[in-house]
Amino acid sequence: MRRKLAAGNWKMNGLTDTLGQVKALTDAHPDPQVDLLLCPPATLIAQMAWARGTHALQIGGQNCHAAATGAHTGDIAATMLKDAGASHVIVGHSERRADHGETDADVAAKALAAHAAGLIAIICLGETLAQREAGKALAVVTAQLKGSLPAGATAANTVIAYEPVWAIGTGKVPTLDQIGEVHGTLRGALRDMMREAEGVRLLYGGSVKASNAAEIFSVADVDGALVGGASLKAEDFSPIITALENA
Ligand code: PEP
């Protein structure tokens, strides 16, 4: 059985005065029946780790460098995220692929560094609208998976997040059939690539909110969600968590 995962990506949002959301979330879900993860800006990781106290809430970074140390001004090593209290790191988010030119090979190298540091890598992939309209969505995500999954990936150290670029922050969501088709394709591709394919969690991400979470979570091979905007406030994230617990 794959344990479900509700993950929040705060992106470049959040100052210390937003840490109250952690208390609100942990108070609302004192004994969560799914894994809970928040990925705040790196500046808040250590404080969030302190704020969660003994709660099972897990904390992640949003990016890491592929190198363990060195002359990389402004970058953060996976070991640093771990040291600050993170257990996970998102790699290959489409905003990083687009804004920083990250390739599949870069993403694989970052995931490898994450694994070496003892972090779970959440590897993001997803097609653009043009690629979907050209009928290439399945080929694109399969190629991204093959290029972004590092050697040594296991069900324990790797999560895959399918995030169609055109659904992120837009309010547009693929149909349930489209989500199921991609997740089924990714599961099949994983079977060709690794022994533990059945155990790898596949998250859907892109405009998940309280009103659509339950139906998305009913789709086969959707093991949770990576949530952007609706993870910033506990009152918005909480019903998504509840929907996943009830899925
Ligand atoms: C994301 O960027 O990972 C994301 C899914 O964003 P949103 O939920 O806001 O679409």
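The values are calculated or read from the model by the stated rules, or taken from the named source; none is laboratory data. Treat the numbers as computed from the prediction; the structure is a model and nothing was measured. Cβ sites come from the backbone with ideal geometry, for glycine too, and all protein chains shown count toward neighbours. When the accessible area is computed, the model is the full protein with side chains, heavy atoms only, and any ligands, DNA or RNA have been set aside. Shrake-Rupley method; radii C 1.70, N 1.55, O 1.52, S 1.80 Å.
Things worth noting here:
- Of all the criteria given as (1) among the aliphatic types (A, V, I, L, M); (2) more than 15 Å from the ligand (Cβ to nearest atom); (3) surrounded by fewer than 17 Cβ atoms within 10 Å (Cβ to Cβ), the one not satisfied by Ala210 is (2).
- Residue, farthest from the ligand (Cβ to nearest atom), within region 96-135, restricted to residues that are open to solvent by less than 20 Å² (accessible area, probe 1.4 Å) and closer than 16 Å to Ala167 by Cβ: Glu127
- Only one of the listed residues (Arg191, Arg195, Arg187) is in a helix (DSSP H, G or I), away from the ligand (no atom under 16 Å from the Cβ) and either modelled with pLDDT under 95 or open to solvent by less than 30 Å² (accessible area, probe 1.4 Å) (or both). That residue is Arg187.
- Listed by first and then second residue, the pairs with beta-carbon distance under 8 Å, at least 6 apart or on different chains, first residue in region 161-175 and of a type in the set (Asp, Glu), second in a helix (DSSP H, G or I), are Glu163/Ser94.
- Only residues that are under 19 Å from Val222 (Cβ atoms) and not in a loop (DSSP other than H, G, I, E, B) were counted across region 141-167, and they come to 12.
- Any pair with Cβ under 7 angstrom, 6 or more apart, that starts in region 228-243 at a residue that is under 13 Å from Leu38 (Cα atoms) and ends at one that is aromatic (Phe, Trp, Tyr) and not in a helix (DSSP H, G or I): Ser231/Trp10; Leu232/Trp10
- Flag for Asp221 being open to solvent by 10 Å² or more (accessible area, probe 1.4 Å), charged (D, E, K, R), away from the ligand (no atom under 16 Å from the Cβ) and free of Cβ contacts under 8 Å to residues at least 12 places away in the same chain: no
- Cβ separations smaller than 6 Å between residues 6+ apart or across chains give the following pairs from region 143-155 residues that are closer than 14 Å to Leu125 by Cβ to residues that are open to solvent by 30 Å² or more (accessible area, probe 1.4 Å): Gln144/Asp104; Gly147/Asp104; Ser148/Asp104; Pro150/Leu112.
- Any hit, region 136-159, residues being within 30 Å of Thr18 (Cα to Cα) and within 14 Å of the ligand (Cβ to nearest atom): yes
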